Amino acid sequence: MLDGVHLTLLIGPGVPVPAPAAVLDALDAVQVSSGGDRGGFQLSFQVGKTSLIQNVLLPAGYFDPILTRVIIVATVRGLPHVLADGVVTRQEIAPSNEPGKSTLTITGEDLSLYMDLVEMPFMRFPAMPIIARVYAILAKYAALGIAPIAIPPVVPDIPNPLEEIPHQHGTDREYLKELAAGCGYVFYIEPGPAPGANIAYFGPDIRIPAPQPALNVNMDAYTNVESLSFSLDGMAKKVVVMTVMDPVSRRAPIPVPIPNLSVLRPPMGLRIPVPSRLEFPGDVAHLNPSDAANKALGIMFAAQDSITGSGSLDVMRYGHVLRARMMVGVRGAGVSYDGLYYVNSVTHDIKRGQYKQSFNLSRDGLVSNTPVVLP
């Protein structure tokens, strides 16, 4: 790999162990995606007729789907970063007529895959609030090194067992996503901070406020990105009007406008685009007051950003590994687009002698509300 970049690959059923030298020598490319609904990875190997992978490891089940766990760690300038911790889901081999040019591709997803394998339609949670249900479900996966971090809904809701008994729909992951969507939260698994450890997060989509080193564009010798572009979507902002029944008679409809501003993400732009759409959701009139309040907060938590950006960088020139679900500054894009942004997703592309990243950014409006970008 590159000077200053060391890649560690752990593979195995149950507890992954360092990959043998023959596997590392055959490794041609690594791609890891993070920051989305579910993280994933892909490993590409160059194999030949006499290779250990082709003749021994594959027949012995070394890369078998579901059973094989993979951990990818990139150490940049002495600082380790756990890029992926997941399970193999697919293997593909492409034989070639040229010696040593056959390719084996291993694809996998993060450990939330294990939560999506078995449906639990008969699971009941009598008198258990949402937060208790979340911890009860995630406790089953502690053996995989998954530590839960769950934040209770803003408006508590303890179901009366004489009126209703909550029951699970579908798999554990589907039910956790359903609970999160009901109160405007997100659910995902983040690998790290140590190899073999993972964080299962259930809560509002809060980005870590400490900004990462800035992305510089059009700054001559100080430029540290290969490409960067921005776009402003004038249709992104909207006003949602919820119609709820009055809590006394349950007959009179009350319209409640919900602004398209996230109460959890601090504003980063001075000029917020005017909302261009008006929506009336039709599935809220029957909700009780606590569910309606959580629904309204969920709409505010999920407010869309008007400005999106995308680009790519070379990690060695940037000097750091850009992480998703954090903040980063931008310099050199002009007065309208300089400033702080949220990093929504990152894709890592690692090959011999190369470590690049592609990324997606977003924020709420034009013109930064901070005088300078640090660091």
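The values are calculated or read from the model by the stated rules, or taken from the named source; none is laboratory data. Just so you know, these numbers come straight off a predicted model, no measurement behind them. Using ideal geometry, Cβ is built from the backbone for each residue, glycine included, and neighbour counts are taken over all protein chains shown.
For the reader, a short list of remarks on this structure follows.
- Taking strands (runs of 3 or more DSSP E) as the structural unit, no element lying wholly within the range 203-269 holds at least 3 residues that are acidic (D, E), surrounded by 14 or more Cβ atoms within 10 Å (Cβ to Cβ) and modelled with pLDDT of 85 or more.
- Among the criteria (1) in contact with a helix residue (DSSP H, G or I) (Cβ under 8 Å, 6 or more places away or on another chain); (2) closer than 30 Å to L111 by Cβ; (3) part of a loop (DSSP other than H, G, I, E, B), the one P195 does not fulfil is (1).
- Residue list for the range 344-361, filter: modelled with pLDDT of 95 or more and touching a Leu at 6+ places or on another chain (Cβ under 9 Å): V346, H348, I350, Y355, K356, Q357, S358, F359, L361
- Subset of the range 149-190 [on the phi > 0 side of the Ramachandran plot and either part of a strand (DSSP E or B) or surrounded by fewer than 17 Cβ atoms within 10 Å (Cβ to Cβ) (or both)]: G170
- Looking only at the range 1-33, and only at residues there that are in a loop (DSSP other than H, G, I, E, B) and farther than 21 Å from L52 by Cβ, the one that is farthest from the chain's Cα centre (by Cα): D3
- Residues within the range 32-43 that are surrounded by fewer than 19 Cβ atoms within 10 Å (Cβ to Cβ) and modelled with pLDDT of 95 or more, tallied: 2
- For the range 189-204, the count of residues that are among the polar types (S, T, N, Q) and within 21 Å of V346 (Cβ to Cβ) is nonzero.
- Looking across the range 55-79, the residues that are outside any loop (DSSP other than H, G, I, E, B) and in contact with a Pro (Cβ under 8 Å, 6 or more places away or on another chain) come down to T68, R69, V70, I71, V73, A74.
- Selected residue (criterion: nearest to T68 (Cα to Cα)) from residues of the range 34-54 that are among the hydroxyl-bearing types (S, T, Y) and in a strand (DSSP E or B): S44
- L104 meets each of the listed conditions (1) of a type outside the set (D, E, K, R); (2) part of a helix (DSSP H, G or I); (3) assigned by TED's automatic domain parsing to the domain that holds V30 apart from (2).
- Test: residue in the range 240-252 that is under 22 Å from G329 (Cβ atoms), touching a residue at least 40 places away in the same chain (Cβ under 8 Å) and of a type in the set (A, V, I, L, M, F, W, C): no
- Pairs, first under 24 Å from L83 (Cα atoms) in the range 302-323, second of a type in the set (D, E, K, R) and part of a strand (DSSP E or B), C-beta under 7 Å, six or more apart: S312/K356; L313/K356; D314/K356; V315/K356
- Residue that is nearest to Q168 (Cα to Cα), among those in the range 94-144 that are among the small types (G, A, S) and in contact with a Pro (Cβ under 7 Å, 6 or more places away or on another chain): A127
- Selection within the range 121-148 - at positive phi and either in contact with a Leu (Cβ under 9 Å, 6 or more places away or on another chain) or buried (at least 18 other Cβ atoms within 10 Å of the Cβ) (or both): G145
- Complete set of residues in the range 211-243 that are of a type in the set (D, E, K, R) and on the phi > 0 side of the Ramachandran plot: D220
- Test set (1) over 14 Å from E109 (Cβ atoms); (2) out of contact with any helix residue (DSSP H, G or I) (no Cβ under 8 Å at 6 or more places or on another chain); (3) buried (at least 18 other Cβ atoms within 10 Å of the Cβ) - T50 fails condition number: (3)
- Scanning the range 327-345 for residues that are of a type in the set (S, T, Y) and either within 14 Å of R207 (Cβ to Cβ) or assigned by TED's automatic domain parsing to the domain that holds G39 (or both) turns up Y341, Y342, S345.
- Positions within the range 337-375 being part of a loop (DSSP other than H, G, I, E, B) and crowded, with 16+ Cβ neighbours inside 10 Å, in sequence order: Y337, D338, D364, G365, V373
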